[in-house]
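One structure is given here, and the rest of the page talks about it.
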Amino acid sequence: MTPQRTLVLLKPDAVKRGLRGEIIRRIEAKGYTISALGQRTATDEELSAHYAEHEGKPFYPGLVEYMGAAPLVALVLEGEGVIAGFRSLAGATNPTEAAPGTIRGDLAREWDLPVIQNLVHGSDSEESAAREIGIWFPELD
Ligand code: IDP
Ligand code: MG
């Protein structure tokens, strides 16, 4: 059986703050397999496909600007329950509300900015994971 997969992004704030190693350490310590990994600056096409569900929301222009302004790291993780498991490691969207012990709760905070900077993205369902892996790693499809 193919293990469950999820698409994770270490967002530009994670790269700028030198937190790639700390976040990947948490993923590996949890026991998930990293089956693909690459760093690059996202294109507008990738970001509009990735964040299609948020188009039209007030924070959308700020979101695309934040995600495209500097390099990010994209990863595919594998393992039983990895979609929910990574979301649990990441914590709540708003870093002020994210529980201590989570990536966002321990390492992120709120700033006076139009978009929430919260270090990581993780797919929220099997359908999103398949769609997002196709955007960031089309060669894996
Ligand atoms: P998630 O990343 O926890 O799945 P989503 O609701 O999918 O959260 O939102 C995508 C990203 O958009 C968030 O991670 C955050 O960077 C940003 N975002 C979400 N909601 C807001 C908001 O209400 N204000 C500003 N930025 C937001
Ligand atoms: Mg989301």
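The values are calculated or read from the model by the stated rules, or taken from the named source; none is laboratory data. Nothing here was measured: the structure is a model prediction, and the numbers come from that model. Using ideal geometry, Cβ is built from the backbone for each residue, glycine included, and neighbour counts are taken over all protein chains shown. What goes into the accessible areas is simple: the full protein's heavy atoms, side chains included, and nothing from ligands, DNA or RNA. Shrake-Rupley method; radii C 1.70, N 1.55, O 1.52, S 1.80 Å.
Assigning unit charges at the beta carbon (Lys, Arg +1; Asp, Glu -1) and nothing else, what dipole magnitude in debye, to the nearest 20, does segment 91-141 show about its Cα centre?
Charge dipole, segment 91-141, about its Cα centre: 200 debye, nearest 20.
If you take all C-alpha pairs in the chain, what percent of them are over 26 Å apart?
The calculated P(r) of the chain puts 16 percent of pairs beyond 26 Å.
Under a point-charge model restricted to the Cβ atoms of Lys and Arg (+1) and Asp and Glu (-1), what is the dipole moment magnitude of the chain relative to its Cα centre, in debye to the nearest 20?
Dipole size: approximately 560 debye.
Just going by the charge dipole of the chain, with Lys and Arg at +1 and Asp and Glu at -1 on Cβ, which of 118, 134, 102 is farthest out on the positive end?
102
With a 1.4 Å probe and all protein chains left in place, how much accessible area per residue does the chain have, in Å²?
Accessible area per residue, the chain: 52 Å².
Once the other residues with Cβ under 15 Å from the Cβ of residue 55 are scored (Lys, Arg +1; Asp, Glu -1), what is the net sum?
It works out to a net charge of -3.
Find the eigenvalues of the gyration tensor of the Cα atoms of segment 35-80, then list the square roots of 5 times those eigenvalues as equivalent ellipsoid semi-axes, largest first, in whole angstrom.
For segment 35-80, the ellipsoid semi-axes come out as 22, 14, 8 Å.
Using the Cβ atoms and a cut-off under 12 Å, what net charge is assigned to the surroundings of residue 83, where Lys and Arg are +1 and Asp and Glu are -1?
-4
Out of 16, 57, 30, any idea which swings most in a Gaussian network model of the chain, alpha carbons joined below 10 Å?
Fluctuation is largest for 57.
As a check on your grasp of the helix formula, calculate [θ] at 222 nm for the chain: sum -39500 (n - 2.57) over DSSP H runs of n ≥ 4, divide by the residue count, round to the nearest 500.
-11000 deg cm²/dmol
Hey, if you put +1 on the Cβ of every Lys and Arg and -1 on every Asp and Glu Cβ in the chain, which of 52, 75, 21 ends up farthest toward the positive end of that dipole?
21
Name the most mobile residue of 98, 130, 29, meaning the one with the largest mean-square fluctuation, in a Gaussian network model of the chain with Cα contacts below 10 Å.
29
Rank 96, 41 by accessible area, highest first, at a 1.4 Å probe radius?
96, 41
Could you check how much of the accessible area of the chain is carbon and sulfur, as a whole percent, using a 1.4 Å probe?
Here it works out to 51 percent.
How about segment 61-141: which chymotrypsin sites (Phe, Trp or Tyr not before Pro) there are in a DSSP loop, with at most 12 other Cβ atoms within 10 Å of their Cβ?
Sparse-neighbourhood loop chymotrypsin sites (Phe, Trp or Tyr not before Pro): 111.
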